[in-house]
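To start, the structure under review is shown below, and the notes come after it.
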Amino acid sequence: MPVKRIFSAQSSNFFLLLGTTLFLVIFGLVMVLSSSSVESFAEDQGFFGRFLRQGMFAVIGVPLMLIASRAPVGFWKKWAWPGLLLGGVLQLLVFIPGIGYGYGGNQNWIHFGSFTAQPSEFVKVAVIVWVAVVLSTKQDLLSDWRHVLLPVAPVAGAAIGFVLIGNDLGTASIMLLIVFACLYFAGVRLRFLAVGVLAVAVGALLFAGTSSSRSSRIGVWINGCTELDYQDSCWQIDHAYWALAGGGIFGKGLGNSVAKRGWLPHADNDYIFAIIGEELGLIGAIVVLLLFVVLAIAFIRIIRSTNDGFVRIATAGVMVWTVGQAFVNFAVVLGVLPVLGVPLPLISTGGSALIATLLAIGIVLSFARAGNRPERRTTTPAAPPTQSAADRSRMLAANRARGRQ
């Protein structure tokens, strides 16, 4: 595929989204190298082990994003149902012994030999496209709660339920945000959404009470940390605070983090924002936050530039996934929300998350490209001028006069 065909005659929305995404991916690779080098060396992978692995996923994901940006809008509508079924099958594999495996109490990964993946990340893409197709086809019926509830609630609820069975509350929470965002941008009445939010809140409280780990994290978030909690629930939280505080305004310098030297668990994943704050300071942290604001502006501009309900709903779902999850990650690191275990999109380590996010952004890029395609104008030959009866009689009289001469 010629590269010039990908970038030629595209809109400013296309380039704003693409440029911001590529910058975040490159910045993420730099921060993964900085935050993971010590632990990677301690695990006999060399200083560049995790960085090279993440770089390989970026090499896969970026071309995939560009290829997806060339697909027409109808392609995504056509493959909505098959994609959802494929995502559901992959998610069910996590419960099969020998294929699925758990980490940190979450049963949400699969492995085939040395290949590992997190199917729930690709389920997010499938759910966004499928919900957008369903809601866009029922656009005039959404004032009736039955058309809002069916079939979105059972199908999306099953997809989220499979993730919850694996105890991954963070991913399930993001998927719920995605579904509610799609419903909102589809034009569903706010009272229907309010009832749904209330039901989800009650269910979340009941689900949180079924696990002592989740209950302790919520308790620490509400009541604060004590000396008794330091070695358990508060270790990660306290060291994230200390890392951010140690960075000051300008930071300690790239690569000079102390927290990454075994003090802060998941320094290159869920808590990479704390390492950014420590090494690049308050200025670096604000720049990262503003980059996601720019990403949100790009999504909003694409939403405002289209009259296609499917495009609007799907773009909103991807926006809430990437930007919403980023701000959830910021809130967790800053202590505004309890620990949920969600990575920072496009920056944290995780091959499945990076590839799936780039695929979703590629879908939105295809919307931006299609919206900028010039309309084909067909030229029809001009119709001959019509003659009145008087004109015809004068022409015949002139011809007779020339005949006499």
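Observations
- One residue alone among Val148, Val127, Val152, Val133 is of a type in the set (A, V, I, L, M, F, W, C), under 22 Å from Val197 (Cβ atoms) and modelled with pLDDT of 95 or more, and that residue is Val127.
- Residue match in the range 248-257 (condition: open to solvent by less than 20 Å² (accessible area, probe 1.4 Å) and closer than 17 Å to Phe330 by Cβ): no
- Across the range 129-160, the number of residues qualifying as open to solvent by less than 30 Å² (accessible area, probe 1.4 Å), under 23 Å from Phe95 (Cβ atoms) and of a type in the set (A, V, I, L, M) comes to 3.
- Some residue of the range 82-96 being in a loop (DSSP other than H, G, I, E, B), more than 20 Å from His266 (Cβ to Cβ), open to solvent by 90 Å² or more (accessible area, probe 1.4 Å) and in contact (Cβ under 8 Å) with a residue 40 or more places away in the chain: no
- One residue alone among Phe51, Phe14 is in contact with a helix residue (DSSP H, G or I) (Cβ under 7 Å, 6 or more places away or on another chain), free of Cβ contacts under 8 Å to residues at least 60 places away in the same chain, assigned to a helix (DSSP H, G or I) and crowded, with 21+ Cβ neighbours inside 10 Å, and that residue is Phe51.
- Leu205 open to solvent by 60 Å² or more (accessible area, probe 1.4 Å) and part of a helix (DSSP H, G or I): yes
- Residue check: Val220 meets all listed conditions (1) at pLDDT below 90; (2) surrounded by fewer than 18 Cβ atoms within 10 Å (Cβ to Cβ); (3) hydrophobic (A, V, I, L, M, F, W, C) but one, namely (2).
- Matching entry among Ala285, Ala326, Ala274, Ala316 (being in a helix (DSSP H, G or I), open to solvent by less than 20 Å² (accessible area, probe 1.4 Å), aliphatic (A, V, I, L, M) and more than 23 Å from Gly246 (Cβ to Cβ)): Ala316
- Arg189 vs. criteria of a type in the set (D, E, K, R) and within 16 Å of Gly341 (Cα to Cα): no
- Neighbours by Cβ (under 7 Å, 6+ apart or cross-chain): first from the range 261-288, closer than 22 Å to Tyr103 by Cα; second hydroxyl-bearing (Ser, Thr, Tyr) and in a helix (DSSP H, G or I): Ala267/Ser35; Asp268/Ser35; Asp268/Ser36; Ile272/Ser35
The values are calculated or read from the model by the stated rules, or taken from the named source; none is laboratory data. In this text, all values refer to a predicted model and were calculated from it rather than measured experimentally. Heads up, the Cβs are rebuilt from the backbone with ideal geometry, glycines too, and the neighbour counts pull from every protein chain shown. Side chains included, ligands, DNA and RNA excluded: accessible areas come from the protein's heavy atoms. Shrake-Rupley method; radii C 1.70, N 1.55, O 1.52, S 1.80 Å.
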